[in-house]
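Notes follow once the structure below has been shown.
Values quoted throughout were computed directly from the atomic coordinates according to the rules given, and no laboratory measurement underlies them. Here the structure is a predicted model, which means the values were calculated and not measured. Because the Cβ atoms are built from the backbone with ideal geometry, glycine has one as well, and the counts that use them run over all protein chains shown.
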Amino acid sequence: MATSGDPPIKRYRRDKQASEESDSESSGPYVPYVSVRDRRKQQLARLGHLEKATQSASVSANVGAPGTEPTLETKSSSDNDHDDEGSQEDWGRRFNVSLLDQHTELKRMAEAKKVSAAERQRREEQKILESVAERTALMGVAELAKGIQYEEPIKTSWKPPRCVLAQPESRNERIRQNLRILVEGESVPPPLKTFNHMKFPKGIMNGLVEKGISNPTPIQMQGIPTVLSGRDMIGIAFTGSGKTLVFVLPIVMFCLEQETMLPFIKNEGPYGLVICPSRELAKQTFDIVQHYTQHLKKCGLVEIRSCLAIGGVPVSECMEIVQKGVHIMVATPGRLMDMLDKKMVRLDVCRYLCMDEADRMIDMGFEEDVRTIFSYFRGQRQTLLFSATMPKKIQNFARSALVKPVTINVGRAGAASLNVRQEVEAVRAEARTVHLLRCLQKTQPPVLIFAERKQDVDAIHEYLLLKGVEAVAIHGGKDQEERSRSVEAFRSGQKDVLVATDVASKGLDFADVQHVINYDMPGDVENYVHRIGRTGRAPGRRGTATTLVSRATDESVLRDLAHLLREAKQKVPDFLLELINETEDYSAPVEDTDSQGCSYCGGLGHRITDCPKLEAVQSKQASNIGRRDYLSNTAADY
Ligand code: AMP
């Protein structure tokens, strides 16, 4: 008992264990040695006690409901906030649940986590896509201002043959399935398996025979009837699939009908307009148009006049035709804008618009030009968009310009042509030029060599000339005359090798290119698809593509490349396999979305959340500094 003079005695209760420990500590200098293994065992046993204690507490909490067992669900829901490791440790310490049950439950929890991760990814992607999606529709200014919206497709006089119309829709479906043609849209016209069924006049049939074309390719079987029926269309097909004829033949037919009904007077037209992203592609398309119109004339039908409006060619050449009254104009955006601006040409009667390599055009910054061009149209037009690659962002954007469009997809959008054997070689950056000579031994000429930068094109060209190789070169820095001369020399077979920047990679059709060599891997995999599509063109032809990569090559684009190779059933070199093995498989669609890979650029090795191209575009917008050749060109360059 405390006396009044004594200091107050502090009263506290020590827990038994602690007091025992301190007692043992204070009991004397002797501390028995316990090995690390035993100490760990003791610690685990102690933790086990604690765990059991909490479990029995939760059991008693559940006792409220008579007969309730402590279920795994109760445990897992209480663990929801823990991170993975924590919950796994807890599971490891639960002695009263069988290992099998623990395993099943852990698996269930992991699944639930995966789904929510996919959902999170989907939401994030959606947000990014929305932020980069073009807000303004691809329509004329007047239409936007007046709020004009066309509801129904243009009517044409063309109908599929009766024998085809009489067939059930299931037959059309079967044909599409066999040919791997995917279609989307309302009342899609039936696919037609012969040119005869397309009802082309003799002149066109003669033109086809002269080119050695006897049967339509899948994109032509479905595309030509769609266009002839007046439908707007998005055509997605691998390069070399024959998509040019899908828009060229119907446009010639429509113009033939118009001219026969009411001949074009001076300064009238064009009735049909084809816009291409590069001068070379425009020239090539123009030549195809002329081939068929000349055959029509030879067969005694009316004259269809066409003109070429591209930079680097005197405007007077084009104006001569325009003044006579022009049916078809093939143009690049820069020159066309200039002519429209100066009122040299009008689009008042233009009812047919085709944008070839449409995604490239929008990607390359011609979007504003395209929108301005749309503003010159008066009245409804039939709009066709064609490309080998069509990422979702562009498809959504393009749909704003189309009326009840039919989307025709032959093969995955952005997939590489299956006719091309693709090889990837790792070579030191400094050794690449010399290595090119070895690559050139792989096949017979003609060979195309691509490089990103103009300086590299010049250096390779010079080196090959020094080594006695018959080579020519083109890039945006050369004048048009030289570009045309080089392309013609290569096309006609006078030169064996063409060295080029991506100016030559889109849509150009050089007969029988045996080999495409990529001196460097392009900045995005879409460009790679376009580049290698210059070989193995036309049904039944095979080609080879060799791509040189080095340490400097961007890892993300290499990953996209690896997925693309795997998709095309090509040999994937070990160094690329390693890259894809250590990352997630992005080529599978994310739950709830139908998009494979990146919805911005179409690459299979990443998603939009880490798209290098989007990042580059954004930083370019910020700094306005272009690295690649085609990006640094202005519209006038094309
Ligand atoms: P494109 O994809 O339109 O650039 O065409 C690629 C190449 O295929 C060109 O050389 C065409 O002449 C050729 N071609 C187009 N259609 C056919 C066809 N139906 N049969 C055989 N070759 C074709």
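Cα-based Rg (one decimal) and Dmax (whole number) for segment 334-376, in Å?
10.7, 28
R0 = 51 Å: FRET efficiency of Leu418 with Glu368, Cβ-based, nearest 0.05?
0.90
Estimate the FRET efficiency between Lys199 and Asp101 by the formula 1/(1 + (r/R0)^6), using the beta-carbon distance for r and 60 Å for R0, to the nearest 0.05.
The pair Lys199/Asp101 has a calculated efficiency of 0.30.
Would you mind getting me the FRET efficiency between Leu466 and Ala489? Use the beta-carbon distance for r and R0 = 22 Å, nearest 0.05.
With R0 = 22 Å, the Cβ-Cβ based efficiency is 0.75.
Using the basic label-point model (7 angstrom from Cα toward the beta carbon), what is the Ser116 to Lys298 distance in nanometres?
In this crude label model, Ser116 to Lys298 measures out at 7.1 nm.
Listed here are the pairs Lys342/Lys478; Lys113/Lys569; Lys298/Lys324; Lys243/Lys297; Lys495/Lys569; which of them are more than 30 Å apart at the Cα?
The answer is Lys113/Lys569; Lys495/Lys569.
Take the alpha-carbon centre of segment 303-330, take the same for segment 414-456, and report the distance between them in whole Å.
Segment 303-330 and segment 414-456 have Cα centres separated by 37 Å.
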